[in-house]
Amino acid sequence: MESKTEMPAKRNDPNYIQIAGDVKKEIGLRFKAVCTLQQVTLGEGLEEAIFLWLEQKAKSEKQQAVG
């Protein structure tokens, strides 16, 4: 019998926090589908999406400060 190596839960990792929110059903279903197709966890998909959103906001703020 094979023994499964379990990854420590990110929930217990002090370098992670849990974020929750409500989104429109269509967006949530599309997000879940894409995560499944890309073989990434919802957490990994959320982390990437939030990172990209933050980068976009920072770039936008920088452009507004210059212009």
*Run a plain Debye calculation on the chain (Cα atoms as equal point scatterers, no solvent) and give log10 I(q)/I(0) at q = 0.11, 0.21, 0.22, 0.29 Å⁻¹, rounded to two decimals, same order as the q list.*
-0.44, -1.04, -1.07, -1.23
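If I take R0 = 30 Å and measure r between the Cβ atoms of residue 26 and residue 47 in this structure, what FRET efficiency does the formula 1/(1 + (r/R0)^6) give, to the nearest 0.05? Walk me through the intermediate numbers first.
On the way: r = 22 Å, r/R0 = 0.72.
Result of the calculation: an efficiency of 0.90.
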*Mind pulling the angle between the C-alpha long axis of helix 25-38 and the longest principal axis of the chain? Nearest 10 degrees, somewhere in 0 to 90.*
60 degrees
*Hey, what angle do you get for helix 42-66 against the long axis of the chain, alpha-carbon based, 0 to 90 degrees rounded to 10?*
10 degrees
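Taking the Cα centre of the chain as origin, sum charge times position over the Cβ atoms of Lys and Arg (+1) and Asp and Glu (-1), and report the length of that vector in debye to the nearest 20. Please report the intermediate quantities before stating the final value.
Working: 10 positive and 10 negative charges, 53 e Å.
Dipole about the Cα centre, nearest 20: 260 debye.
Each reported figure results from applying straightforward, stated rules to the coordinates on display, with no laboratory input. Small disclaimer: the values here were computed from a predicted structure and weren't measured. We place every Cβ from the backbone using ideal geometry, glycine too, and count neighbours over all the protein chains shown.
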